[in-house]
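Chemist: Sharing a structure with you now.
Just so it is clear, none of the values below were taken in a lab; they were calculated from the coordinates. Model, not experiment: these values are computed from the prediction. Cβ coordinates were reconstructed from backbone atoms using ideal geometry, including for glycine residues, and neighbour counts include every protein chain displayed.
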Amino acid sequence: MITLEIDVDGNPLRFFSTSATLSTATDAALEGLHLETFLPADDATRHRFDQR
């Protein structure tokens, strides 16, 4: 897990990251595909994105 904090207009946005790699995909095009997802790490960050 990786954490990320970005300051936007004096307000910190906090995220955590999860990642996965497909290593035994049945489709050759997906072999080795790396997926990374950033999710809100606190209520303030989640609320900021819920407004949009």
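Chemist: For n ≥ 4 DSSP H runs only, could you compute -39500 (n - 2.57) per run for the chain, divide by its residues and tell me the 222 nm figure to the nearest 500? Could you put the intermediate results ahead of the total?
Modeler: On the way: 1 runs with 8 residues, N = 52.
Computed mean residue ellipticity for the chain: -4000 deg cm²/dmol.
Chemist: Excluding Phe38 itself, what net charge comes from residues whose Cβ is under 14 Å from its Cβ, given Lys and Arg +1 and Asp and Glu -1? Please report the intermediate quantities before stating the final value.
Modeler: Details: positive: Arg14, Arg46, Arg48; negative: Glu5, Glu36, Asp42.
Here the charged neighbours net out to 0.
Chemist: What is the dipole size for the chain, taken about its Cα centre, with +1 at each Lys and Arg Cβ and -1 at each Asp and Glu Cβ, in debye to the nearest 20? Before the final figure, lay out the partial values.
Modeler: Working: 4 positive and 9 negative charges, 21 e Å.
Dipole about the Cα centre, nearest 20: 100 debye.
Chemist: Direction-averaged shadow area of the convex hull around the Cα atoms of the chain, nm²?
Modeler: Details: hull surface 19.8 nm².
Convex hull of Cα atoms, orientation-averaged projection: 5.0 nm².
Chemist: Just going by the charge dipole of the chain, with Lys and Arg at +1 and Asp and Glu at -1 on Cβ, which of Gln51, Thr18, Met1 is farthest out on the positive end?
Modeler: Farthest towards the positive end: Gln51.
Chemist: May I pose another question? On full extension of the chain, what length is gained from Asp7 through Leu33, given 0.36 nm per residue of separation minus the C-alpha to C-alpha distance? Spell out each step's value before the answer.
Modeler: Numbers: separation 26, 0.36 × 26 = 9.36 nm, distance 3.03 nm.
Taking 0.36 nm per residue and subtracting the Cα distance, the gain is 6.3 nm.
Chemist: What does the charge count near Leu4 come to, summing +1 for each Lys or Arg and -1 for each Asp or Glu among other residues with Cβ under 13 Å from its Cβ? Write down the numbers at each step before the final one.
Modeler: On the way: positive: Arg14; negative: Glu5, Asp7, Glu36, Asp42.
Overall, the nearby charge balance is -3.
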